[in-house]
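Reading through the structure tokens given below for one structure.
The values are calculated or read from the model by the stated rules, or taken from the named source; none is laboratory data. A quick note: this is a predicted structure, and the numbers were derived from the prediction, not measured. We place every Cβ from the backbone using ideal geometry, glycine too, and count neighbours over all the protein chains shown. Only protein heavy atoms, including side chains, enter the accessible area calculation; ligands, DNA and RNA are left aside. Shrake-Rupley method; radii C 1.70, N 1.55, O 1.52, S 1.80 Å.
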Amino acid sequence: MKHWRIDDVAWDRFDRDRVDPGIVPFVKAAAMVERNGVDYGTYLNRVFHDDPDFAAAADNWAVEEVQHGDALGKWAMLVDQGWDYPAAFDRYRRGFSLNLDVDASIRGSRTGELIARCMVETGTSSFYTAVADATEEPVLQQVCRLIAADEYRHFKLFYDHMKRYLARERISFVQRLRIAAGRIGETEDDELAFAYHCSNEDENLPYDHQRCTAHYMAGTLGFYRYRHLERGMGMIFKAVGLPPRGRLSEVSAKLAFRMMQRRRRQYVARVSSDAPAVLANAA
Ligand SMILES: [Fe+2]
Ligand SMILES: [Fe+2]
């Protein structure tokens, strides 16, 4: 059961004058990753093949993720009428796919799989909250708030199932921490960088992981404020079994925010040193 539908969005409030062109490329990229939720749903069904309750929840989850892609894609097409969301997604699908030939989690346990999913939902919930706060365009704001609320519910869904599996599998705190940190580190893998490439760069420009990561990160890391990190850190702490609020969580959030700002400066420097032709293509 979806919590909202694309038709619930007040599309007629779209205000072109309030669109920040710096946000658009990342909305396009996000649409690719969200739309790919179907594959993740299939993957989760294979990993949890004998757990019908979770499999049904995963199917519903995938439907919501796809709707996120469709809403973001629709907004991006309103802004940029020359942009073709289905064509960009086809391009993404041709070059990026998950290994669906599995019968167990790539994280080593079902608890681990669910912790990794909690990290993803923490990331998306923070990202859409940050984008909603960063934009003044009312429709994008509404879409991002609706999506962020879904992502938070997804976090809770995976967290609740994780607790159930943890009671059974009893993987150690250190293992949980390692899985969480590992999944956060994967943010710089191809999933987002290639989504940026397919949704923004010319088809004749070959994909370059470093370049696309730099463009993606230089743009998106700028949306975050400390409060987004603070809330996200609370969710990460909760997922690994630490107190979500308290001194340790606060210190970690402050450290993460500083690291994020430093990373952003490095990526911005990398983007500025790119050839002007590449910048033009990525604009
Ligand atoms: Fe999503
Ligand atoms: Fe989600």
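Annotations
- Carbon/sulfur fraction of accessible area - the chain, other protein chains in place, 1.4 Å, %: 52 percent
- For the range 1-61, alpha-carbon Rg and Dmax in angstrom: 16.6, 52
- The alpha-carbon of K163 sits under 27 angstrom from the alpha-carbons of these lysines, leaving out residues fewer than 8 places away in its chain: K2, K238.
- In plain terms, the chain is cut at each of the GluC sites (Glu not before Pro) found in a DSSP loop with at most 13 other Cβ atoms within 10 Å, and the longest leftover piece is 1-135.
- Within the range 131-250, the proportion of Cα pairs with more than 16 Å between them is 73 percent.
- Think of the chain as a dipole: +1 on every Lys or Arg Cβ, -1 on every Asp or Glu Cβ, centred on the Cα centre; then among Q266, P21, M1, Q266 lies furthest on the positive end.
- Among D59, D17, D70: highest mean-square fluctuation, GNM of the chain, C-alpha pairs under 10 Å: D17
- Dipole-positive endmost among Q81, L100, T42 within the range 7-102 (Cβ charges, Cα centre): Q81
- Distance from the C-alpha centroid of the range 191-213 to that of the range 106-125: 25 Å, rounded to the whole angstrom.
- Candidates per trypsin sites (Lys or Arg not before Pro) in the range 130-219, loop by DSSP, up to 11 other Cβ within 10 Å: R170
- Two-decimal log10 I(q)/I(0) for the range 188-227, as the Debye equation yields it once each C-alpha is a single scatterer, q = 0.24, 0.25, 0.26, 0.30 Å⁻¹: -0.74, -0.78, -0.83, -1.00
- Based on every Cα atom in the range 1-144, Rg and the maximum pairwise Cα distance Dmax equal 16.4, 52 Å.
- Shape category assigned to the range 179-274 from the gyration tensor of Cα positions, a/c cut at 1.5: prolate
- Using a probe of 1.4 Å on the protein chains alone, the accessible area found for L78 is around 50 Å².
- Between R262 and A104, the distance separating the two model label sites (each 7 Å from Cα on the Cα→Cβ line) works out to 3.8 nm.
- Rg ratio for the range 122-194: its Cα radius of gyration over 2.2 N^0.38 Å, N being its residue count, equals 1.38.
- Three principal axis extents of the range 67-181 based on alpha-carbon atoms, in descending order, are 51, 33, 20 Å.
- Seen from every direction in turn and averaged, the convex hull around the alpha carbons of the chain projects onto 14.7 nm².
- Value of [θ]222 nm, deg cm²/dmol, for the chain, DSSP H segments ≥ 4, -39500 (n - 2.57) each, nearest 500: -24000 deg cm²/dmol
- Anisotropy class of the range 72-134 from Cα gyration tensor, a/c 1.5 cut: oblate
- Rounded FRET efficiency, nearest 0.05, which uses the C-beta distance separating F173 from S273 and R0 of 35 Å: 0.25
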